[in-house]
Amino acid sequence: MTGFRSPSSGLRALLPAAFGADPSGERLARIRRSPHFKDGVFQNPGGVARTPSPSALDFVKDFFDKDQRSRRVPKGTVPVHATTLADIAERPATGLRLTWMGHASVLAEIDGQRVLFDPVWGERCSPVPFAGPKRLHPVPLPLAALGPVDVVVISHDHYDHLDMPTIKALAGTDTLFAVPLGVGAHLERWGVSADRLRELDWHEATKVGGLTLTATPARHFCGRGLRNTQHTLWASWVVTGAEHRIYHSGDTGYFEGFKDIGAEHGPFDATMIQIGAYSDLWPDIHMTPEEGTRAHLDLQGGEPHGVLLPIHWATFNLAAHSWAEPGEGTLAAARAVGAPIALPRPGEPFEPTAETVPAEPWWRGVAMEPTGGWPAAEALTDAAIKKATDSAAEEQAKADTDSDVRKGVGEGTGDPETVPTG
């Protein structure tokens, strides 16, 4: 891939407005100056990433297999939480509240500010209204009922993360937009004024009120038009307030950079991690549930700190895996390593630092049951309990050894120290 060419003016007039616009002028000059832009394209951390190839016979065979197709959608009505403005009108008691609206869309209320990640309120993630992946559940509440938003954060320009009708609706408000380098061209075409854009390269930050928003690396790709030209950047995002910090992965494959992001910006009170729409055909640009859980731990310095919120699943059918598989897989992976996980229904607000978070596998009531049935809760927790117990025993043994070294073996008795088991 050696660069990009803009369509001719005649062809551009025939393209859907949802294709957006190519960067030009000073925006294009900034792109060319980026240390992550080389040979006419943005470069991924860890080298070239394999991207989806819709023409691949294996993909066509898997995706349109009649026996498997029914498993990729819910068999009943998804239990969307009936979110109202009253649910999110009062400030969160802990200072931090997340409301997953489905797929990668999350409203984060953090330290008195409201941040809306990857808002997609459209019926389809597509450049046209009559084709493309359609919603499997309704949006929990109308966009107009969401209330004021301080900043909208976009991870990249794919249709399931950057939705033209939603952006046009938000363009009529006072909100600011934080986007990766080059993505601002799309938003300006759709009516967002340049003075409301905060367009960032990786490792750049901007302040909105009392928040600091930092664009951090991700391993993905971009494109809305007829060709994937890699001329707009993709990013994950760190949002830091006076008391809390959160992370949104956007779309990404697993890479070692999560450890660096965690070391520089973590640990986080909550991470919103992509765990759906994965495939062996594109292993470098989307994470499996196990990889997403590993990324969460990397971001937390290797410790099960903070709450993992699984995103990028349940709303659109974008891969050949079953509809419930991302939820089930993440639940099992998180419990196996003792990582706290939140499982809200779409639209269900929760506070990650509260004593409890939603933890019921709600999808089981509307998904096709797997062969052998759903795993029992006890079976899912066995590994986590064993890990926590072993860890506690190791900590106790170390404490005993340290005590022996300090006191001398056999000195003193005293009461045994209580060690937490999880």
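Restricting the first member to the range 25-48 and to residues that are over 13 Å from Asp201 (Cβ atoms), and the second to residues that are hydroxyl-bearing (Ser, Thr, Tyr) and open to solvent by 30 Å² or more (accessible area, probe 1.4 Å), the beta-carbon pairs closer than 7 Å and six or more apart or on different chains are Asp39/Thr2; Gly40/Thr2.
For the residues Pro138, Pro119, Pro129, Pro148, the requirement of being open to solvent by 40 Å² or more (accessible area, probe 1.4 Å), touching a strand residue (DSSP E or B) at 6+ places or on another chain (Cβ under 8 Å) and part of a loop (DSSP other than H, G, I, E, B) singles out Pro148.
Does Asp284 qualify as being part of a loop (DSSP other than H, G, I, E, B), within 16 Å of the chain's Cα centre (by Cα) and charged (D, E, K, R)? Spelling it out, Asp284 is indeed part of a loop (DSSP other than H, G, I, E, B), within 16 Å of the chain's Cα centre (by Cα) and charged (D, E, K, R). When every residue of the range 20-31 is checked against the conditions, none turns out to be closer than 28 Å to Ala320 by Cα, open to solvent by 40 Å² or more (accessible area, probe 1.4 Å), in a loop (DSSP other than H, G, I, E, B) and at pLDDT 85 or above. Scan the range 282-299 for residues that are polar (S, T, N, Q) and surrounded by fewer than 21 Cβ atoms within 10 Å (Cβ to Cβ) and the total you get is 0.
In this structure, is Asp111 open to solvent by 20 Å² or more (accessible area, probe 1.4 Å), at positive phi and not polar (S, T, N, Q)?
Working: open to solvent by 20 Å² or more (accessible area, probe 1.4 Å): yes; at positive phi: yes; not polar (S, T, N, Q): yes.
In short, yes.
Of all residues being in a helix (DSSP H, G or I) and among the β-branched types (Val, Ile, Thr) in the range 155-176, which is nearest to Ala145 (Cα to Cα)? Just the residue, please. Across the range 155-176, the extreme among qualifying residues is Thr166. For Trp234, the test of being open to solvent by 10 Å² or more (accessible area, probe 1.4 Å) and touching a residue at least 24 places away in the same chain (Cβ under 8 Å) is failed. Of all residues in the range 259-281, those being in contact with a Phe, Trp or Tyr (Cβ under 9 Å, 6 or more places away or on another chain) and either at positive phi or hydrophobic (A, V, I, L, M, F, W, C) (or both) number 8.
Suppose we filter Glu355, Glu369, Glu303 for residues that are closer than 18 Å to Phe258 by Cβ, among the acidic types (Asp, Glu) and surrounded by fewer than 20 Cβ atoms within 10 Å (Cβ to Cβ); which single one remains? Outline the logic, then answer.
Working: Glu355 fails: closer than 18 Å to Phe258 by Cβ; Glu369 fails: closer than 18 Å to Phe258 by Cβ.
After applying the criteria, what remains is Glu303.
Ala171 fulfils the conditions (1) within 14 Å of Pro119 (Cβ to Cβ); (2) crowded, with 19+ Cβ neighbours inside 10 Å except for a single criterion, (2).
In this structure, does Val106 turn out to be assigned to a loop (DSSP other than H, G, I, E, B), of a type in the set (A, V, I, L, M, F, W, C) and at pLDDT 95 or above? Give the derivation first.
Working: assigned to a loop (DSSP other than H, G, I, E, B): no; of a type in the set (A, V, I, L, M, F, W, C): yes; at pLDDT 95 or above: yes.
So Val106 fails the test.
Taken over the range 238-255, the residue count meeting the criterion of being in contact with a helix residue (DSSP H, G or I) (Cβ under 6 Å, 6 or more places away or on another chain) and open to solvent by 10 Å² or more (accessible area, probe 1.4 Å) is 1. Of all residues in the range 66-97, those that are assigned to a helix (DSSP H, G or I) and farther than 21 Å from Asp269 by Cβ total 10. Looking at the range 274-281, is at least one residue within 23 Å of Arg114 (Cα to Cα), buried (at least 21 other Cβ atoms within 10 Å of the Cβ) and at pLDDT 95 or above? Yes. The residues on offer are Ala342, Ala320, Ala332, and the sole one that is open to solvent by less than 20 Å² (accessible area, probe 1.4 Å) and either small (Gly, Ala, Ser) or under 17 Å from the mean Cα position of the chain (by Cα) (or both) is Ala342.
For the range 354-364, the criterion of a residue being out of contact with any Leu (no Cβ under 7 Å at 6 or more places or on another chain), over 26 Å from Lys134 (Cβ atoms), small (Gly, Ala, Ser) and part of a helix (DSSP H, G or I) is satisfied by no position.
Looking across the range 73-98 at every residue that is over 17 Å from Val139 (Cβ atoms) and buried (at least 20 other Cβ atoms within 10 Å of the Cβ), the one that is farthest from the chain's Cα centre (by Cα) is identified as Pro92. When restricted to residues that are surrounded by fewer than 21 Cβ atoms within 10 Å (Cβ to Cβ) and assigned to a loop (DSSP other than H, G, I, E, B), the range 256-270 contains 2.
The values are calculated or read from the model by the stated rules, or taken from the named source; none is laboratory data. Worth saying up front: this structure is predicted, and the values here are computed from it rather than measured. When we count neighbours, we look across all protein chains shown, and the Cβ atoms used for this are built from the backbone with ideal geometry, even at glycine. All accessible areas refer to the heavy atoms of the entire protein, side chains included, with ligands and DNA or RNA removed. Shrake-Rupley method; radii C 1.70, N 1.55, O 1.52, S 1.80 Å.
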